[in-house]
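Everything below concerns the one structure shown next.
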Amino acid sequence: MQQEILYFIMVDRFFQGIKDKEFDDIDKSHPRKFHGGDIKGIIEKLDYIQELGATALWITPIFKNDPDGYHGYWAQDFFSVDPHFGILEDFKELVQKAHRKGLKVILDIVVNHTGKTHPLLKEKPHWFHPLVPIKDWDNQKEVEEKCLGMLPDLNQDLPEVSSYLINMCKWWIVQTGLDGFRIDTVKHVPREFWRKFCQEMKGVKEDIILLGEVWHPDPCYLAPYQKDGINSLVDFPLYYAITKVFAKDEPMDKISSILLQDHLYQNPYLLGTFIDNHDVPRFLSVVKDRGKERLKLALDFLFSVRGVPIIYYGTETGMDGGDDPHNRKDMDFEGDLELRKYVKDLITLRKKYLSLSLGSLKVLKVTDDGMVFIRECGEEQVVIFINNSFDSQTFVVRLPDELQRKSWKLVWGKGTYQYSYEIASCIIPPKSSAYFQLFAPEK
């Protein structure tokens, strides 16, 4: 999974493949109604995603949903596709055609709750916790046993509920051949369930991708869930740091302090890194100024730091949008085409230099508005300079022994390099980055 690059799609807002739909609840002018996007639309745009360079799709849930459940997170039937999105055969076709193009498919699933009209509420009311809202978010028992947004909260401690949910997910794997699950609301479900869930999923598909959403700013809170078997987690701690630094000019140690806690994780190199998604404002809507310049630098960091990059649909074309639902606008394929090329070139670079995905990471220097770190994989070494200042910045770095007396080649960005004895001096332009590949001296 470490070499994957995920492209995250909200099905209803991406592209409409079936043109003549007979639904009276599609209203593209209303941000909280269905807009018409569907699975066939994603199939039509597979070439677009492949050409961008992504290696996997993460798509929002496609279960049959409650009325106005355009996002997919209010399941009314876990075993059928919402007719707004298509039918099960459409999803099977998506998986097959994606695989032919070398793309994996990751389906978003929800096992914490159901929609408010799910038949289980009447058929098996004892499967649910009392309908009481979460008030104390620091009380883990309350987070797990009370209701998020007053949605019916399943009791996974009951063996029959646990078995039902696990068998449902197995069914989707066997029926469709999908490659993995993005798991919603992980922290609201007991960890004992996740241990069993992960074991069972890997029993059906050994190399299954499991990407868990543990929405919390503290790595200490996230890390135990990876040890439970969820091999990847959505890296909210790094997201918050990226936003503070690149959008709001807070000190660079906001980021370095998060990276210093990587030892807490079983494998920090599998964490899903991102700069925006469907639950938080788009990056361009939180920046102070000079949005595109800041976005490019944030992307430079995203594609060079450890973890698995996740691109939210439309980020590559410069889409903006504030809090939900304004961060979920219809996809703009004809937005900023220069930015799209920039993202495509960054992805190409990450694929070319394996150290950027498979390599170790070591921070060499941190200033108030800059950072230098190295990625190493085998003999390949790439040093990354990030200048978040509005002025040119000269980075003076005392090199460790293994980096001394090597040739440097600029492979991305802008910057000049000088080496004297054990000291490297690099000048990086304002709000810019530079990637340098290091070579052993010729004998």
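Quick note: the coordinates plus some simple rules give every number you see, no bench work behind them. Bear in mind the structure is a predicted one, so any value in this text is a computation, not a measurement. All Cβ positions, even for glycine, are placed from backbone atoms using ideal geometry, and neighbour counts span all protein chains on display.
Counting Lys and Arg as +1 and Asp and Glu as -1 over every other residue whose Cβ lies under 12 Å from the Cβ of Leu337, the net charge comes to -2.
For the cross-link pairs Lys45/Lys254; Lys40/Lys351; Lys33/Lys205; Lys288/Lys344; Lys244/Lys351, the ones whose C-alpha atoms lie over 32 Å apart are Lys45/Lys254; Lys33/Lys205. Calculate I(q)/I(0) for segment 70-209 by the Debye formula, one identical point scatterer on each C-alpha and no solvent, and give its log10 at q = 0.10 Å⁻¹ to two decimals. With one equal scatterer per Cα and no solvent, log10 I(q)/I(0) is -0.36.
Over the residues of the chain, the helix contribution to mean residue ellipticity at 222 nm works out to -8000 deg cm²/dmol, using -39500 (n - 2.57) for each DSSP H run of at least 4. For segment 60-112 and segment 163-187, compute the distance between their C-alpha centroids and round to whole Å. Between the Cα centres of segment 60-112 and segment 163-187 lies a distance of 11 Å.
Close amide H pairs (under 5 Å, H built 1.01 Å from N) link Thr185 with Glu213, residues at least 5 positions away or on another chain. Just so you know, the Rg over Rh for segment 366-426 is 0.94, from Cα atoms, with Rh as the Kirkwood radius. Shape summary: the chain maps onto an equivalent ellipsoid whose semi-axes, from the alpha-carbon gyration tensor, are 40, 24, 20 Å in decreasing order.
Spatially, segment 189-243 and segment 297-357 are offset by 23 Å when compared through their Cα centroids. Whole-Hz Karplus values for segment 405-413 come out as 6, 10, 7, 10, 10, 6, 10, 7, x Hz, taken residue by residue from phi with 6.51 cos²θ - 1.76 cosθ + 1.60 and θ = phi - 60°; glycine and proline positions read x.
Its alpha carbons considered, segment 259-327 gives a radius of gyration followed by a Dmax of 13.2, 38 Å. Remind me, relative contact order of the chain in percent, using alpha carbon pairs under 8 angstrom and six or more residues apart? Relative contact order comes out at 12 percent.
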